Amino acid sequence: MGILNTTPDSFSDGGEFSGLRAALEHAREMEAEGAAIIDVGGESTRPGAAEVEVEEELERVVPVIREFARARRPATMISVDTSKPEVAEAAVAAGADVINDVTGLRGDERMLEVAAECGAGLVVMHMKGTPRTMQASPEYADVVSEVREFFEERLESCQSAGIDSERICFDPGIGFGKSLQHNLELLRRLPELRVGTRPLLIGVSRKSFIGKLVGSDAVAKRSWGTVALTAYARELGVEVHRVHEVRPNLEALRMAEAISFGVAGAG
Ligand code: HH2
């Protein structure tokens, strides 16, 4: 899953892709590099980020989704990174296949209804608190159990709302109300997070805990750490990897997959 932030203030690429042309070009570039899904977001969720009005978010994401939906390869999917039901609904009408909601469809009660009606795929992510508050000393008795219980509860709520579980993918929300230790514990115990046969998605790309581990605040210094974690998470079975840099992370996936599953026709 290649990240396309149409925001002026995202933590690693804010402003770079906020015009329609630049956004489309970047989407096509990630698709050409092998992204299976392009994740279009119009609101930054970095710690302390300002909230964006519905109209503004619609203007940022809908034209990009509409244009890219026309030009994409048939197999490429589009997801919309939003927690607003109005944006999700308009994005799906414009061609998005998946709603990626960092609030796990809890941010607005209408989201479950929209998700049930529109038939899109869903990414249900765990977050403790809100982007404004989430990094203020988050605490858990056991972060893995708490995230897993959250997934199970959301699965039930989705099913009660008439959503087929086959449409759902779960994401532990790395960096969303988690300390460095919490992030590492979640990564170490990824297989425990799996609910039934539902896929797992993970977003580690360029996140600040990588900076802490490599000893640098520079976002540009987080690429190799990201690639290492992508290979590691693939080895632990994670199916979807949300990344800024598609090619190196796809290569990491291919390496891990070659070891785990073998290579057809290899001598
Ligand atoms: N992380 C970010 C945004 N959306 N969605 C899912 N499912 N999982 C994630 O880990 C995730 C996400 C934050 O990263 P980014 O989009 O690069 O930054 P920003 O929120 O500042 O736009």
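The table for this structure:
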quantity	calculated
Segment 213-235, residues that are farther than 23 Å from Gly262 by Cα and within 16 Å of the ligand (Cβ to nearest atom)	Asp217, Ala218, Val219, Ala220, Lys221, Arg222, Ser223, Gly225, Thr226
Residue under evaluation Cys158, criteria (1) modelled with pLDDT of 95 or more; (2) more than 30 Å from Glu117 (Cβ to Cβ), criterion not met	(2)
Elements of type helices (runs of 4 or more DSSP H) in segment 53-137, at least 2 residues being more than 14 Å from the ligand (Cβ to nearest atom), of a type outside the set (S, T, N, Q) and within 23 Å of His26 (Cβ to Cβ)	54-71, 85-94
Hey, Thr45 open to solvent by less than 40 Å² (accessible area, probe 1.4 Å) and within 11 Å of the ligand (Cβ to nearest atom) or not	yes
Which listed residue, of Glu33, Glu25, is out of contact with any strand residue (DSSP E or B) (no Cβ under 8 Å at 6 or more places or on another chain) and open to solvent by 60 Å² or more (accessible area, probe 1.4 Å)	Glu25
Filtered residues of segment 99-112 (kept if under 17 Å from Ala161 (Cβ atoms) and crowded, with 16+ Cβ neighbours inside 10 Å)	Ile99, Asp101, Thr103, Gly104, Leu105, Arg106, Gly107, Asp108, Met111, Leu112
Of the criteria (1) in contact (Cβ under 8 Å) with a residue 12 or more places away in the chain; (2) farther than 18 Å from Ser145 by Cα; (3) open to solvent by 40 Å² or more (accessible area, probe 1.4 Å), which one Glu185 fails	(2)
Check on Arg70, within 15 Å of the chain's Cα centre (by Cα), open to solvent by 60 Å² or more (accessible area, probe 1.4 Å) and either within 30 Å of Arg222 (Cα to Cα) or of a type outside the set (Val, Ile, Thr) (or both)	no
Some residue of segment 195-205 being open to solvent by 30 Å² or more (accessible area, probe 1.4 Å) and within 13 Å of the ligand (Cβ to nearest atom)	yes
Condition met for Leu213 (aliphatic (A, V, I, L, M) and surrounded by 17 or more Cβ atoms within 10 Å (Cβ to Cβ))	no
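The values are calculated or read from the model by the stated rules, or taken from the named source; none is laboratory data. In this text, all values refer to a predicted model and were calculated from it rather than measured experimentally. Glycine also receives a Cβ, built like all others from the backbone with ideal geometry; neighbour counts cover every protein chain displayed. Please note that ligands, DNA and RNA were not included when accessible areas were found on the heavy atoms of the full protein model with its side chains. Shrake-Rupley method; radii C 1.70, N 1.55, O 1.52, S 1.80 Å.
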